[in-house]
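Remarks on the structure that follows.
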Amino acid sequence: EVNPRASRTIPFVSKAIGVPLAKLAAKVMGGRKLADLGFEEDVHPRHVCVKEAVFPFIKFPDVDTILGPEMKSTGEVMGIDVNFGKAFAKAQIAAGMMLPREGTVFISVRDEDKNGVLPAARMLHEEGFRIVATGGTARFLSQNDIPAEPVLKVTEGRPHVADRIKNGEIALVINTPLGAQSKADSFYIRRTALVYNIPYFTTLAAARAVANAISHLIREDLSVRSLQEYHGR
C-alpha cells in the first residue's frame, strides 16, 4: 500500500498473518535487521481473512450506495475462517449485514453481466432460494434452466420490486446497473434495500462470494476461534 499512514491495511495484515508488522517496522527504522528480529520469510496462513468496509449510507438520505474512488467507509471489519465462504460470511455479519439462509432473491443485471451472474444464481437456486428478476434477467435465467419469476421494475408500475422489498418478500438483492433509466431504477432499489436492512450486492464478484458464503452457512454453523488459535499460539 503506497500510503505513509498505513492505518488500515497494516493492522489487518498483521492480524491475518500473526506478525506485529508496525512494531517490527519501528525497530527496523531504529537500526535493527529483519534477520535479528526473526522475520525473513513470507507467512502463508492456512486460514482465509476477508476485510469488509463499513459504510454510513443509512445516515445520509438519498445517497446512492454505489461505490467509486472516493473514501466513504467509516471503518472496517475482518472475517476469519478456514475457507473463503465462511470468512466472507463472518465479514458480512460483522459489518451488520445478516445473510439469509432461505427466502427469495431478487436479481437484475446489465446485459454484459448476465453470463457472469449464472454461477451465483444457479448456486442460490440449488440451495432452495426462489428467484425473482426483472424481465430481461428473468428470461435469460429461465433460458439457462434457472427458474425465475418476472417482477416489475420501479418505472413499470406496481407492485414493483421495491414494494416487495418493503413488504418483506425479498431476502437478498443482486443488482448491477447501467444507463440513466436503469440507474434511476436501481438507485431506488438499492436505497430501499438499505433502509429495510436487506443484503444487497452490486458486482458479479460480490454475487459469487455471497452465494458461496450462503451455501456454507446452510451446510454448517459458524464457529469462533481466537486469533491465537488461528496462529497456533
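Here, each number is a calculation from the coordinates, and none is a lab measurement. Keep in mind the model is a prediction, meaning the values are calculated, not measured. Cβ placement follows ideal geometry from the backbone for every residue including glycine, while neighbour counts extend to all protein chains displayed.
The amide H of Y200, built 1.01 Å from its N in the peptide plane, has V173 as neighbours under 5 Å, considering only residues 5 or more places off or on other chains. Normalised by 2.2 N^0.38 Å, with N the number of residues, the alpha-carbon radius of gyration of the chain equals 1.19. When the Gaussian network model of the chain links Cα atoms closer than 10 Å, the mean-square fluctuations of K153, K15, K27 top out at K27. Note on region 99-233: with charges restricted to the Cβ of Lys and Arg (+1) and Asp and Glu (-1), its dipole about the Cα centre is near 320 debye.
Relative to the longest principal axis of the Cα atoms of the chain, helix 114-126 runs at roughly 90 degrees. Amide hydrogen proximity for T176: with H placed 1.01 Å from N in the peptide plane, the residues at 5 or more positions away or on another chain lying under 5 Å are S108, V109, R110. Using the Karplus relation 6.51 cos²θ - 1.76 cosθ + 1.60 with θ = phi - 60°, the per-residue 3J(HN,Hα) values for region 163-172 come to 4, 5, 5, 4, 7, x, 8, 10, 9, 7 Hz, with x marking Gly and Pro.
Cross-linked pairs K27/K86; K33/K86; K23/K51; K114/K153: Cα-Cα separations exceed 27 Å for K27/K86; K33/K86. When the Cα positions of I170, F88, V117 are compared along the charge dipole of the chain, F88 comes out farthest toward the positive end, with charges on each C-beta of Lys, Arg, Asp and Glu.
Close amide-amide hydrogen proximity is noted between L152 and V161, each under 5 Å apart and 5 or more residues distant or on a separate chain (H modeled in the peptide plane; Pro and chain starts excluded). Label reach from A53 (point 7 Å along Cα→C-beta): in region 75-99, amide nitrogens under 13 Å belong to 75-77. Semi-axes of the equivalent ellipsoid for region 100-233, computed as √(5λ) from the eigenvalues of its C-alpha gyration tensor and ordered from largest down, come to 29, 16, 14 Å. When shorter helices are ignored and each DSSP H run of at least 4 residues is given -39500 (n - 2.57), the per-residue value for the chain at 222 nm works out to -12000 deg cm²/dmol. For the listed peptides 124-137, 216-229, a ranking on the average number of other beta carbons within 10 Å per residue, highest first, reads 124-137, 216-229.
Each Lys and Arg contributes +1 and each Asp and Glu -1, all at the Cβ; summed about the Cα centre of the chain, the dipole is approximately 560 debye. Set the Förster distance to 35 Å, then compute FRET efficiency between I10 and L222 from the Cβ-Cβ distance, nearest 0.05. Step by step, r from the Cβ atoms, then E = 0.85.
The simple Förster model, with R0 at 45 Å and r as the Cβ-Cβ distance, assigns K166 and V19 a FRET efficiency of 0.40. Judged by the mean number of other Cβ atoms found within 10 Å, the most tightly packed of the peptides 205-213, 95-103, 161-169 leads the ranking 205-213, 161-169, 95-103.
For region 96-151, the alpha carbon convex hull comes to 87 Å³ per residue, rounded to a whole number.
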